[in-house]
Amino acid sequence: MSLLKRLNEKSENQPKGSSASAAVPSRSDSVRSQEHELKTMLRTHLISELRKQNEIDDDKQLEFLNKEAMKYLNEEGERISFEMKKSFIEDISNELIGYGPITPFLNDPEVSEVMVNGPDDIYVERSGRLIRTDGYFRDHDHVLQVIEKIVSPLGRRIDESSPMVDARLPDGSRVNAIIPPLALNGPTITIRKFPQDRLQMENLINFGTLSEEMAQFLDACVKARLNVFISGGTGSGKTTLLNVLSSYIPHDERIITIEDAAELQLSQDHVISLETRPPNIEGTGAISIRDLVRNSLRMRPDRIVIGEVRSAEALDMLQAMNTGHDGSLATGHANSPRDMLSRLETMVLMAGMDLPIRAIREQIAGAVDLVIQQTRLKDGSRKITHISEITGMEGDTITLQDIFVFKQTETASDGRIKGRFVSTGIRPDCADKLTDYGFEVPAHWFQEEWS
């Protein structure tokens, strides 16, 4: 009995409502092996046909593959269901011009994250909730092939000597991959997607991330060249907010962005994007964020935007903010504005310089004007829970005052968190600077319980 006939009988004997792409636990190893054999034959044929094409546009590749694949399957002489043909063609097309089984999830606008926990476990995040999908890879090598396809165009590598890598997709989505021996479940991929249409402040207001008064205040702060630090946990939306705030930078200023993996998508014309470089196979040649921050100071920047501060580069960033590079923006991981200041102290100490704690705190108090706390709540929503101002020092303590906060009022029966954005009633010290820059600072911005 031919392979196509065996697969066709398997398909016809499936219960109604099932498909060739059923969840991994319900499939027998023999069915997966047979499918793999047929897909391998089809893949080999399509690669051969593609090589015969001297030039073919990217837009026409998918149409060509679908046509050739259907022709190949029809010429086999064995009856095969249309559903199975469609499934095979989709899988092979994703393999050749996409990223294998995760391609449909990357193309789904409702999916915000894709997580591959080994060949048989693919999870996605939709509306803030994790969902296990019915997608799967053939084996560990199949996952490794997809990782290699992602990182190779960026000049990065992943192997046993360098088993972790940060990368990005062409649309800017952030990718992290880790493989054995560090990942015990097999090669693991985590992809954080970014909207194809760059979000604007109006979108964040509509999403309930912040209020309109808070947005107007942040708009004025960025244009008035205040140094702003965005704090938050993993997946809280720091990079998205940084992108939005960066859009307020005037178009006549020279902006230098510094990131581990370039994700920021600024709309200004005069933008220089710098990206770190991992060590080569000999373990040398690495370029860190700290190296790039130092170099950026020689590039005549009007603004320095750092994707994430996590180590000794904090010292160089603070020195830049204190020596005429006003209006800089950066993000960091912390659970509250006060925690962010403590983390900055720790990161400065990682620079290896024996500085007194008071001197470090004076540097922070003199450099950073605002700390914005971005939080991902239990229901998956993302909100700015604090906009806090650093006002100086009292003794050995950095003084911090909240200007706007999010107050949670209740948790609905469906798990959604309800609350409101409020002003603390404190007029910030920076209001005078905003006025000096020509911005109107309405008194109602700082009236307690205005929202």
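Under the convention that each Lys and Arg Cβ holds +1 and each Asp and Glu Cβ holds -1, the size of the dipole of the chain around its Cα centre is about 680 debye.
Multiplying the sequence separation of SER273 and GLN145 by 0.36 nm and subtracting their Cα-Cα distance, what value in nm do you get?
Values: separation 128, 0.36 × 128 = 46.08 nm, distance 2.85 nm.
Additional length available on full extension: 43.2 nm.
Which entry in (i) 169; (ii) 182; (iii) 160 is this structure's computed volume of the Cα convex hull per residue in Å³? Among (i) 169; (ii) 182; (iii) 160, the one calculated here is (ii). Considering only alpha-carbon pairs that sit under 8 angstrom and 6 or more positions apart, the relative contact order computed for the chain is 10 percent.
Here the 3J(HN,Hα) profile of the range 376-390, calculated from phi with Karplus coefficients 6.51, -1.76 and 1.60 at θ = phi - 60°, is 9, 7, 5, 7, x, 6, 10, 9, 7, 8, 8, 10, 10, 10, 8 Hz, Gly and Pro shown as x.
Once the cut-off is 19 Å, how many percent of the Cα-Cα pairs in the range 220-326 end up in the long-distance tail? Write out the running numbers ahead of the final one.
Details: 2500 of 5671 pairs.
Everything past 19 Å amounts to 44 percent.
Would you mind getting the Kirkwood hydrodynamic radius of the range 201-446 from its Cα pairs, rounded to one decimal in Å? Mind dumping the intermediate values first?
On the way: mean 1/r = 0.0536 Å⁻¹.
Answer for the range 201-446: a Kirkwood hydrodynamic radius of 18.6 Å.
Taken over the C-alpha atoms, the range 99-195 has Rg and Dmax values of 12.5, 37 angstrom. Consider all pairwise Cα distances in the range 351-451 and report the whole-number % of them above 21 Å. Considering the range 351-451, 50 percent of its Cα-Cα pairs are separated by more than 21 Å.
Tell me the GluC sites (Glu not before Pro) within the range 246-290 that lie in a loop according to DSSP and have at most 16 other beta-carbon atoms within 10 Å.
Numbers: sites: GLU253, GLU259, GLU263, GLU275, GLU282; in loops: GLU253, GLU263, GLU282.
Counting only loop positions with at most 16 other Cβ atoms within 10 Å, the GluC sites (Glu not before Pro) in the range 246-290 are GLU253, GLU282.
Legend: translational diffusion of the range 174-271 by Stokes-Einstein, Rh = Kirkwood radius over C-alpha pairs, 10 °C, 1.306 mPa s; D = 102 µm²/s.
Counting other Cβ atoms within 10 Å, which GluC sites (Glu not before Pro) in the range 153-212 have at most 13 and lie in a DSSP loop? Show your work: numbers first, answer last.
Values: sites: GLU160, GLU202, GLU212; in loops: GLU160.
Here the GluC sites (Glu not before Pro) that fit, given the DSSP loop and packing criteria, are GLU160.
Rounded to the nearest whole Hz, the Karplus-based 3J(HN,Hα) values (6.51 cos²θ - 1.76 cosθ + 1.60, θ = phi - 60°) of the range 214-223 follow the sequence 5, 5, 5, 5, 5, 4, 5, 5, 5, 5, with x at glycine and proline. For LYS67 and THR190, the FRET efficiency from 1/(1 + (r/R0)^6), where r spans their Cβ atoms and R0 equals 41 Å, is about 0.70.
Here the Karplus curve 6.51 cos²θ - 1.76 cosθ + 1.60, taken at θ = phi - 60°, turns the phi angles of the range 318-332 into couplings of 5, 5, 5, 5, 8, 10, x, 9, 6, x, 6, 10, 7, 10, x Hz, with x standing for Gly and Pro. Which values of log₁₀ I(q)/I(0), to two decimal places, follow from the Debye formula for the range 309-397 at q = 0.12, 0.20, 0.23, 0.26 Å⁻¹ with a uniform point scatterer at every Cα? Cα-only, vacuum Debye calculation for the range 309-397: -0.37, -0.96, -1.22, -1.47. With K and R counted +1 and D and E -1, the other residues having a Cβ less than 10 Å from that of GLU308 yield a net charge of -2. Placing a label point 7 Å from the Cα of ARG300 along the Cα-to-Cβ direction, the residues of the range 236-271 with a backbone N closer than 19 Å are 250-257, 269-271.
We did not get these values from a lab; they are worked out from the coordinates using the rules stated. Quantities reported herein were computed from a predicted structural model and do not represent experimental measurements. Please note: Cβ atoms are built from the backbone with ideal geometry, for glycine as well, and neighbour counts cover all protein chains shown.
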